[in-house]
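The values are calculated or read from the model by the stated rules, or taken from the named source; none is laboratory data. Computed from a prediction, not measured in an experiment: that's the story for all the values here. All Cβ positions, glycine included, derive from the backbone under ideal geometry; neighbour counts span all protein chains shown.
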Amino acid sequence: MIRTPLRPLARILEARARGENPDAIERENLRLRHEQMRDQARLRAEGRLLVLGAAFFCAFVTVGARMGLLAAAEPHEPSAAASTAPIVAQRADIVDREGRILATNMATHSLYAQPPQMIDKARAARELARIFPDLDEEKLLKDFTGKRKFLWIRKKISPEQKQLVHDIGEPGLLFGPREMRLYPNGKLAAHILGGASFGREGVHSAEVIGVAGVEKAFDNFLRDPANGGQPLRLSLDLSIQAAVERVLFGGMKLMNAKGAAAVLMKADTGEVVAMASLPDFDPNDRPAPRPGAAAEDSPLFNRAVQGVYELGSTFKIFTAAQAMELGLVGPDTLVDANAPMRWGKHTIHEFRRKNYGPKLSVTDVIVKSSNVGTAHMALEIGKERQQDFFRSLGLFEPTPVELVEAPTGKPIVPARWGDIHTITASYGHGISASPLHLAAAYASLLNGGERVAPTLLAGGRPQTGERVVSEDTSAKARAMLRQVVQHGTATFGEVEGYRVGGKTGTADKPNPQGGYYKDKVITTFASVFPADDPEYVLVVTLDEPEDRSGPDPRRTAGWTAVPVAAEIIRRAAPLLGLRPEIAPHPDFAVTLASH
Amino acid sequence: MRTVLYVLSALVVMGLAYWAYNQNYRTHEALKETQRLQREIGQMRESLGVLRAEWAYLNRPDRLRELADLNFDRLGLLPLHPEQFGEISKVSYPAPELPPILSSVEVVGEREDTP
């Protein structure tokens, strides 16, 4: 570049000759030079800005394009990462307390048709009707030849059926993968498990949703991928549940009952180890509820949870325990038991209009199951305190057990609680509760007096330590129940080595037309074993039992529910790991045997 | 000197390109392999699920009960009864062998009074 001098000699001389100031020339040149420099700098800055702008533009376009791509693209698993997370099934398994499977998933197929792609529609319809006998060939053909572009033929098919359909060779018959819920144990614990069906359905997959029982109550847990396929562990024990169901079924048939329920519960935690309701159903093929038929007679009805019955004399121990807890009586206090007792316009009778009176000790009131003796104790307790006690045992609210049906098992209590209701409620009439209520109340009362809530989850609920009665009252109540089995109304309940204690209850069934049936009863046996060290509570309820082995049909609990319960204890207790103790003396020892 | 440098750098570029392509191919290979493995793992899990379901199905209490009934002659299985609980102290152990008496002095002793 030619650098022009600031003071070019020629121009200065010229200016001097003209008498001008040569400094003006220098300033002018300086200005021009500065202008030139400024232009140059601006150009450079502009160039840099442009480059920078282009770079930023490219960067933002890249980021934006990537974001758009990510948002629009189909999600897929990261294939490069080493997969440590297992590929989880759609729905978690349900297992029992030992981890044995109660419900799991199976991969299977669904069958659908796309009529526009079909070649020989008549043959396809004929062959399908041959493979699936319940499909109607005419109807299929009508569907295939009609306007429909798509139709489901079967929701689930077995691999053999799939092969048979495949062999038809029809391109319009297509298969979609399906995950199916499987209950490998069949009818076992059917009411607890409930069942599952398909929710929203597509060709490639379908939602499996629970429709009843724990499947519905824990639907969100079971479907939550965040659990990583961790199974739902129930408090049930498969082998004990099977034994209980089998014995109960045999007992129901033997006693000519139309239904039966049993609840076996851990006394100190409220965990339900076995719960059965008969008749039952197969959750793999859950029957549709029959319209018209009474809900109570449906096999879907869970008698142990939903069935609220007047549980009869089994309630007497609550009255006796409360009276003892309040210090009104002791086990040997004599109470008035002169029957019949008149209260207003009502007359309270004993069973078969007997009279155990005039005086009975509290223990004998329980052992002989005296209505009048219990009624007198209840009147002394008073209706407010009685209601509070029943409430603390959970007898006024639906059970909090984790079944979707639990809220429907709401106890029926008198709307206005008068003295006559106090009297009848004290021996379990005029107030209805489910067998599970009774089991939880017995567990709370007899485990040492700490309230427990029934639960189906292994490990139980957190213990609140809330007391219903004192340790001492609880022990006295257990001693009374033990005497009922030793020489009271439940002598058939004796199981050698297990020190069963329990209370029978026989209640006439209410007639829907009003009043009570004369020859239809609900019999209940609520028991605890071993009575001196309570581990388990068992409640057995039979609906309309009748023991026809004698000359007259016998319907009392002592002849019907008690032998069934005893057999359940005989079968279940060894499985529960309880060692029979023939002689409960601690100082008794067996000598060493040798050859 | 300069020519050597050019040739060298060209060779380096070719080497690097070969290396980069090689890495690229190997990455693709590895990705394909992981995909195959993951598919295999998925299938294995599926069959594991089926096997577990089958195991549970074969071990269902109803079937075991039937099998026990069918094979009663050979196995003689009955439900567990309370009487079947034993106590360790009731098990008869083989009596320890007594050492031979070598001299009569060894069996002579003082009788202790039992408390």
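Observations
- Filtered by the rule that a residue be part of a loop (DSSP other than H, G, I, E, B), within 12 Å of chain B (Cβ to nearest Cβ) and within 19 Å of A:G202 (Cβ to Cβ), the range A:89-114 gives A:A89, A:Q90, A:R91.
- Enumeration of residues in the range A:503-521 that are of a type outside the set (D, E, K, R), assigned to a strand (DSSP E or B) and without any contact (Cβ under 8 Å) to a residue 12 or more places away in the chain: A:Y516, A:Y517
- Exactly one residue out of A:V484, A:V528, A:V500 is within 14 Å of another protein chain (Cβ to nearest Cβ), in contact (Cβ under 8 Å) with a residue 60 or more places away in the chain and of a type outside the set (D, E, K, R): that is A:V500.
- Note on the range A:249-282: among residues that are within 14 Å of another protein chain (Cβ to nearest Cβ) and buried (at least 24 other Cβ atoms within 10 Å of the Cβ), the one that is farthest from A:F301 (Cα to Cα) is A:A274.
- The set of residues in the range A:330-347 being surrounded by 20 or more Cβ atoms within 10 Å (Cβ to Cβ) and closer than 29 Å to A:S444 by Cα consists of A:V335, A:A337.
- Of residues in the range A:89-125 being among the small types (G, A, S) and in contact with a strand residue (DSSP E or B) (Cβ under 9 Å, 6 or more places away or on another chain), the one surrounded by the most Cβ atoms within 10 Å (Cβ to Cβ): A:A103
- Positions within the range A:380-435 being without any contact (Cβ under 8 Å) to a residue 40 or more places away in the chain and part of a loop (DSSP other than H, G, I, E, B), in sequence order: A:F396, A:E397, A:P398, A:V413, A:P414, A:A415, A:R416, A:W417, A:G418
- Tally of residues being basic (K, R) and free of Cβ contacts under 8 Å to residues at least 12 places away in the same chain across the range A:541-554: 1
- Of everything in the range B:79-90 that is assigned to a loop (DSSP other than H, G, I, E, B) and either at pLDDT 80 or above or at the interface with chain A (Cβ under 7 Å from one of its Cβ atoms) (or both), the residue that is surrounded by the fewest Cβ atoms within 10 Å (Cβ to Cβ) is B:E87.
- Pair list, Cβ < 9 Å and 6+ apart or interchain, from the range B:50-71 residues that are within 11 Å of another protein chain (Cβ to nearest Cβ) to residues that are acidic (D, E): B:R52/A:D93; B:P61/A:E245
- For the residues A:A566, A:A557, the requirement of being under 20 Å from A:P435 (Cα atoms), touching a residue at least 24 places away in the same chain (Cβ under 8 Å) and not in a loop (DSSP other than H, G, I, E, B) singles out A:A566.
- When we screen A:K156, A:K147, A:K162, A:K139 for residues that are basic (K, R), closer than 30 Å to A:D282 by Cα and out of contact with any Ser or Thr (no Cβ under 9 Å at 6 or more places or on another chain), the only hit is A:K139.
- Within the range A:513-529, the set of residues being in contact with a Lys or Arg (Cβ under 6 Å, 6 or more places away or on another chain) and either closer than 13 Å to A:K266 by Cα or of a type in the set (K, R) (or both) comprises A:K520 only.
- Of the listed requirements (1) among the charged types (D, E, K, R); (2) surrounded by fewer than 17 Cβ atoms within 10 Å (Cβ to Cβ); (3) farther than 28 Å from A:Q463 by Cβ, A:R246 misses just one: (2).
- A:R11 vs. criteria basic (K, R), farther than 30 Å from B:S47 by Cα and at pLDDT 90 or above: no
- Unique residue being among the hydrophobic types (A, V, I, L, M, F, W, C), closer than 30 Å to A:G344 by Cβ and more than 24 Å from the chain's Cα centre (by Cα) when the list is A:A375, A:A433: A:A375
- The conditions of being over 29 Å from A:K266 (Cα atoms) and either among the acidic types (D, E) or not in a loop (DSSP other than H, G, I, E, B) (or both) are not met by A:D532.
- A residue that is over 30 Å from A:A113 (Cα atoms), without any contact (Cβ under 8 Å) to a residue 24 or more places away in the chain and over 19 Å from the mean Cα position of the chain (by Cα) cannot be found anywhere in the range A:227-238.
- Matching residues, the range A:467-481, being buried (at least 18 other Cβ atoms within 10 Å of the Cβ), closer than 15 Å to A:D533 by Cα and in contact (Cβ under 8 Å) with a residue 60 or more places away in the chain: A:T473, A:S474, A:K476, A:A477, A:M480, A:L481
- A:L446 fulfils the conditions (1) under 20 Å from A:I192 (Cα atoms); (2) buried (at least 24 other Cβ atoms within 10 Å of the Cβ); (3) hydrophobic (A, V, I, L, M, F, W, C) except for a single criterion, (1).
- Condition met for A:F492 (free of Cβ contacts under 8 Å to residues at least 60 places away in the same chain and of a type outside the set (V, I, T)): no
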